[in-house]
1. Condition first: over 15 Å from Ala59 (Cβ atoms) and touching a residue at least 24 places away in the same chain (Cβ under 8 Å). Now tell me which residues in the range 272-290 satisfy that.
2. Is it fair to say Val72 is closer than 25 Å to Asp306 by Cα and touching a Leu at 6+ places or on another chain (Cβ under 9 Å)?
3. Can you go through Ala6, Ala40 and tell me which one is of a type in the set (A, V, I, L, M), more than 23 Å from Tyr228 (Cβ to Cβ), over 15 Å from the mean Cα position of the chain (by Cα) and modelled with pLDDT of 50 or more?
4. Quick one: in the range 209-235, which of the residues that are in a helix (DSSP H, G or I) and out of contact with any strand residue (DSSP E or B) (no Cβ under 8 Å at 6 or more places or on another chain) is nearest to Val41 (Cα to Cα)?
5. Among the residues of the range 62-85, what is the count of those that are part of a helix (DSSP H, G or I), surrounded by fewer than 19 Cβ atoms within 10 Å (Cβ to Cβ) and touching a strand residue (DSSP E or B) at 6+ places or on another chain (Cβ under 8 Å)?
6. Can you confirm whether the range 143-159 contains a residue that is surrounded by fewer than 16 Cβ atoms within 10 Å (Cβ to Cβ), closer than 25 Å to Leu213 by Cβ and of a type in the set (Asp, Glu)?
7. Every residue in the range 289-311 that is surrounded by fewer than 22 Cβ atoms within 10 Å (Cβ to Cβ) and assigned to a helix (DSSP H, G or I), please.
8. Keeping to the range 110-119, report how many residues are outside any strand (DSSP E or B) and in contact with a helix residue (DSSP H, G or I) (Cβ under 6 Å, 6 or more places away or on another chain).
Amino acid sequence: MGRVGATVFGTILSLLTAAALIAPATNARAASGPDPQLTAVGLRLNWQMKGEFAPFIVAIKKGFFRQQGLEVSLGQGSSGTQALQSLASGRDDFAYVPSVQLIEAVNHGVPVKAIATVVKVDSMAMVSIDTALKSPKDLEGHTVEIAATSTFSQIWSAFARKNHIDIAKVQVVRVNPAARFNLLLSNKVDVLADIFMTNEFPILASKAANKELHTLIVGNWGFHLIGYTLAATTATIAGKPDLVRRFNAAALEGFRFTMAHPDEAAAIASAAYPNLLPKSTTAGQVKELVSFLHRGQPKAPFLGSDAGWTNTLDILKGAGLIPQEKPVGDYYTNAFVPK
């Protein structure tokens, strides 16, 4: 997750204005495919296909969306920013994005809101091979990789202050994210500080062979950020509440199935995208996803809380990622979370 600038969201607002003229023809339009009784819906993901998106694949393959009268297509993305841009422009009806990008979008006036608080503890973590990671202080005296484009790069200074890390004793290395794994595996850095457990960690573990990996979850050390959310435009929320309700109901069934049957969910995802989702790493990603879905409060799936969102906002403001906090209800709603 990277920081999104005002220029980008200015572009989104321009696109949204233009999209308003064509929204009735493109947003939640009647399907012209095999079953005209279904409503075609576009869900934009924040990244290329990966195992942590398995619940949506399950919801499609198991027919949960069709049971709600929906024909859902999954669109891969290149960032949370791109996913929100696609949503705001009317090209998609829903987006799956981290809370950080959603909050920045709302703060820049983009009319979007979270309709489900899905992952209540972000899976951002630090990983090492030979360096023990019992607390953040263990970074001192070591070489630590922090990608300049990562969210952790934006909160690093605040994280260090919160956890009393003497940054003069930490050698920070900025590299291309694609080179990170090799740097750790070849002992050129001691710690990777911006790994996501539900995505990159299983891939790294597969490359590490028999090496023991040590992890430290950023959220356990004063930076408990909300992770993934499902988002819609405020126009869709106000104008098509039944669509939002049906979409959430089906998506939730996909997540519940995945939590109850992670191995089967991983197998379904791999079979659907065999060239993108290798069986071993996909199974690991789904396992980590299920672990994080059980973390945080409230325990009820998809349900958010004012306390959780306020805490995330406070962290982002304190770290300088956002200049202001709007009323918490501007960022999320529980109105469409199934009972």
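1. Result: Leu276, Leu277, Ser280, Thr281, Thr282, Ala283, Gly284, Gln285, Lys287, Glu288, Val290.
2. no
3. So the residue among Ala6, Ala40 that is of a type in the set (A, V, I, L, M), more than 23 Å from Tyr228 (Cβ to Cβ), over 15 Å from the mean Cα position of the chain (by Cα) and modelled with pLDDT of 50 or more is Ala40.
4. So, considering only residues that are in a helix (DSSP H, G or I) and out of contact with any strand residue (DSSP E or B) (no Cβ under 8 Å at 6 or more places or on another chain), the one nearest to Val41 (Cα to Cα) is Ala235.
5. Initial filter on the range 62-85 (part of a helix (DSSP H, G or I)): 64-67, 80-85.
When the remaining residues are screened for being surrounded by fewer than 19 Cβ atoms within 10 Å (Cβ to Cβ), the result is 66-67.
In the following step, the residues that additionally are touching a strand residue (DSSP E or B) at 6+ places or on another chain (Cβ under 8 Å) were identified as none.
Result for the range 62-85: 0.
6. Scanning the range 143-159, I find no residue that is surrounded by fewer than 16 Cβ atoms within 10 Å (Cβ to Cβ), closer than 25 Å to Leu213 by Cβ and of a type in the set (Asp, Glu), so the answer is no.
7. Once the filter is applied, which keeps residues that are surrounded by fewer than 22 Cβ atoms within 10 Å (Cβ to Cβ) and assigned to a helix (DSSP H, G or I), the range 289-311 yields Val290, Ser291, Asp306, Ala307, Thr310, Asn311.
8. Residues that pass the stated criteria total 3.
The values are calculated or read from the model by the stated rules, or taken from the named source; none is laboratory data. Since this is a predicted model, take the numbers as computed values, not measurements. Heads up, the Cβs are rebuilt from the backbone with ideal geometry, glycines too, and the neighbour counts pull from every protein chain shown.
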